[in-house]
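Written out below as structure tokens is the structure these notes cover.
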Amino acid sequence: MNPLKDFLLFLSKRKFLQKLMSTSGPVKFVSKRFVSGENLDEGVRTAQDLNKYGLLVTLDHLGESVSDEKSALEAAHEYLLIPDRIKGDNHFSLTCSLKLTQMGLDINYDFCFNNIRNILKEAARHQKMVTIDMEDSACTDRTLAIYKAMLKEGYKGTGIVLQAYLKRTEKDIRDMLPLGPRIRLCKGTYKEPAEIVFTKKKDVDANYIKLTALLLSPESLAFGTYPEIATHDEKIINWTVNYVKANNIPEDKFEFQMLYGIRRDLQERLVRQGYRMRVYLPYGTHWYPYFMRRLAERPANLWFLLKNLFRK
Ligand code: FDA
């Protein structure tokens, strides 16, 4: 348990603070470390810059916990524009990621389902891949249900995020393997009830390694699973590199992923070593909850923010 982390995650859900922080100059300045810009053009420009360094990118239009249909439709509309905007010679170098609560999951399941189907249809038309982020555990079952339904409808390139801190994730992976999924494995970033998660960091890390081995196992790869190792944890990354070398797993059968603004040195090192390395690149004006989760993950970021607040 980490009270500061819990407090920051609590604040990440407070709407009044969102309004206050989003308009503060110093906070906006610090948020730029993690967010590429306010609109799609700025996002695409940064993505293309990253591509020049050999980094692959997944673009995320920031937004979540949408509570009215109009806002959800606006968010869905933005995602209908992205595939055309990021199409290019290499359909693999730029993809996008989205959150289901941004598409109306908490308003109405069928409404959200239709929004996602429309986006995947448009993405498929441009040979673009979409990954569905994983939010807090209240969303897990509904997110997995929509994901599996989309794979069954034929949207095969679609990816899903799973969280190593959840005790259920091993079973979720095993259930999904026959579908040949694209799975982005992260540690998990939300405040969850203690009964359903590994509460100690060392147990989360051990589970992450166990699940990475499962995703990279011969049975899993034979189903067509594409593992995406989404962590900045150098120990886990080194473990994965050793594992794929020892098991002769080709570099195009998996990839590493990290968030924009975190461990750029490590991102470039993996590219130099010949691995696929994708950067999760958010853009948009609704950056507050995303930004607060980045602060919660690393208190040093909070001191950097406080220093900037008092300097101005
Ligand atoms: P850990 O927290 O142990 O950090 C390892 C090291 O990374 C730290 O020592 C530090 O050096 C660096 N680091 C980590 N976080 C940092 C930060 N905020 N600022 C500066 N340095 C930092 N979560 C989720 O619940 N649902 C989702 O859909 C996603 N999606 C997602 C996509 C991608 C591509 C990534 C990389 C991550 C996510 N996450 C996520 C977030 C994830 O669950 C997790 O909270 C963060 O990645 C931090 O955990 P690490 O694996 O990096 O390990």
Can you work out the FRET efficiency for the pair residue 65 and residue 20, with r the C-beta to C-beta distance and R0 = 22 Å, to the nearest 0.05?
0.80
Express in nm, to one decimal, how much length is gained between residue 246 and residue 307 on full extension, taking 0.36 nm for each residue of separation and deducting their alpha carbon distance.
17.4 nm
How many nm separate the modelled label positions at residue 52 and residue 264, each set 7 Å beyond the Cα in the direction of the Cβ?
1.2
Could you report the chain's accessible area per residue, 1.4 Å probe, as an integer in Å²?
46
What lysines does residue 202 reach when the alpha-carbon gap must be under 18 Å and sequence neighbours fewer than 8 apart in one chain are set aside?
5, 167, 187, 191, 210, 235
The lysines whose Cα lies under 24 Å from the Cα of residue 52, excluding any fewer than 8 residues away in the same chain, are 32, 87, 128, 253
Residues of the range 195-213 with the amide nitrogen closer than 19 Å to a label point 7 Å from the Cα of residue 13, along Cα-to-Cβ, please.
195-199
Eligible aspartates and glutamates near residue 156 by straight Cα distance, threshold 14 Å, same-chain separation 8 or greater
122
Can you give me the distance in nm between label points at residue 33 and residue 110, each placed 7 Å from the Cα along the Cα-to-Cβ direction?
4.7
Report the full-extension gain for the segment residue 234 to residue 202: residue separation times 0.36 nm, less the Cα-Cα distance, to one decimal in nm.
10.1 nm
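The values are calculated or read from the model by the stated rules, or taken from the named source; none is laboratory data. From a predicted model like this one, the values you see are computed outputs, not experimental measurements. Methodologically, a virtual Cβ is constructed for each residue, glycine included, from the backbone with ideal geometry; neighbour enumeration extends over all protein chains shown. Please note that ligands, DNA and RNA were not included when accessible areas were found on the heavy atoms of the full protein model with its side chains. Shrake-Rupley method; radii C 1.70, N 1.55, O 1.52, S 1.80 Å.
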